[in-house]
Structures are given as structure tokens and as C-alpha cells.
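Asker: Here you go, one structure.
The values are calculated or read from the model by the stated rules, or taken from the named source; none is laboratory data. Keep in mind it's a predicted model, so treat the numbers as computed, not measured. Every residue, glycine as well, gets a Cβ built from its backbone with ideal geometry; the counts of neighbours run over all protein chains shown.
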């Protein structure tokens, strides 16, 4: 009985998050966050600008054009936002917003931003060298995970559950939001019979290497974007993950080795 809710039409609808059924990775994400609703930001990069207006829970305007949006919060002042088929990282701690429209990155500073507790920041910066050697598996749901191994500059090796051995190298871009949070943007198709939709061609996410959590979105042609969240698990039997900058940490104790 507790696994159902009664809708207005008199039909019982399953609450998938509270059943023994195992569905797609989007089922397990954190609840959507609506703290940006009612806020407006003008952001500048040099002499170029954009305006973001979050009007209601499912609707915002980017430069006056209406879009649906979804937001996930990764820490106190940092949000991952899907705007239609585009993405924004809203960083209210530093007064910065990175807007990604297709292949175009816009690292903006919020106009008239005031935060006495935050030092002046030049903007989010691309940091491909930081991620080299970083390896972690992100659990996205029951027996569902993705492994990211940043093997060299601009290249990430990925495997999806349940096909651990089906690894493939993909081009990637990484942006340092603030220590220790990075944005990763990975392009490439996924194999058949894994927990990601076979039409997926892009994985964009924030990865927090202090709390070992991730939030993000999967996109592809012919599919609706899927918001995801997850936490880190160990690789193999080592019970460790390798962090940006080359450090290694044990997940059970937090010890840096």
C-alpha cells in the first residue's frame, strides 16, 4: 500500500522510489532543487553578457527566451542547472556562472554581485591537467554505476554497468569550479545493454571530490535529458579513489595515502 499514491483520476500509480523494482538511473537522483526560483542574474564575460531569469519551478528565461529547467544542488551555494538542452553551473559562493550552449562555454561573472565572505574571483577556469590520473566509480542507483578514468589531457576512459570490461576512451573537457568541485563534459556514445540509454552522446556533471558526490545530466539525440546524481565507490578491491592532483583517498576512513 505504501508503494502507491492515489491520483485525481482514481488510478493507483506506483511510487518507483519505494519499490523493489529497478528502473533507469534517472529514478535515483536527488530531489530537484528550487532555490533559484525568483532570482535573476546578468552575467558578463568581457563585453558579452547573458541574462538568466528563474521565473517558476519548471520555467526560466535565458536572454528573454523561455526554457524548461531542472536544478540539482551539490553543496551550499553551487547548483547544476539544465536549461532545455543547455547547462549552467550557478556558483553563488563566488558570484560566477558558467553557461554551456552546445559547444560554447561562457564563463560569466554575476553583475553587481555582493558577498563579503567570498574573495574576488576571475571566473571558472578550464583545468584539464588537474584531472589526469583521477579515477572513480559513481554509483547512480541500485547496481548501476559509471566509471570515469581521466587517462590523459582531454581524454576520459568510461565503462558502464553491468559491462565493466566494455571500456572506451572519449574526448572530455574539465572546468575547475572551486576546490574540490570540477565540471566534466564527456562526449561519445555508450554501448548497448548498459544502464545508460543507448542514444546517449554526452555526459555533463559536477564532481565534488570532498563529499564524493556527483550531480549531472545525460543527453543525446532523440531522447529527453536525464538528470542524475550519485556517490563514489571504490575501484575493484582497493577501496580507494584517485583525486584530482594525484592524491589517493580510502573511502572507508577518509585517509589520504
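Asker: Can you name every residue in the range 35-49 that is loosely packed, with under 15 Cβ neighbours inside 10 Å and either within 15 Å of residue 79 (Cβ to Cβ) or in contact with a helix residue (DSSP H, G or I) (Cβ under 7 Å, 6 or more places away or on another chain) (or both)?
Answerer: Matches in the range 35-49: 35, 38, 39, 40.
Asker: Anything in the range 1-43 that is outside any loop (DSSP other than H, G, I, E, B) and either at positive phi or modelled with pLDDT of 95 or more (or both)? List them, or say none.
Answerer: Passing the criteria: 40, 41, 42, 43.
Asker: Tally up the residues in the range 160-186 that are surrounded by 14 or more Cβ atoms within 10 Å (Cβ to Cβ) and either assigned to a strand (DSSP E or B) or at pLDDT 95 or above (or both), please.
Answerer: Residues meeting the conditions: 15.
Asker: Considering 157, 202, which residue is under 13 Å from the mean Cα position of the chain (by Cα), over 25 Å from residue 93 (Cβ atoms), assigned to a strand (DSSP E or B) and not assigned by TED's automatic domain parsing to the domain that holds residue 91?
Answerer: Result of the check over 157, 202: 202.
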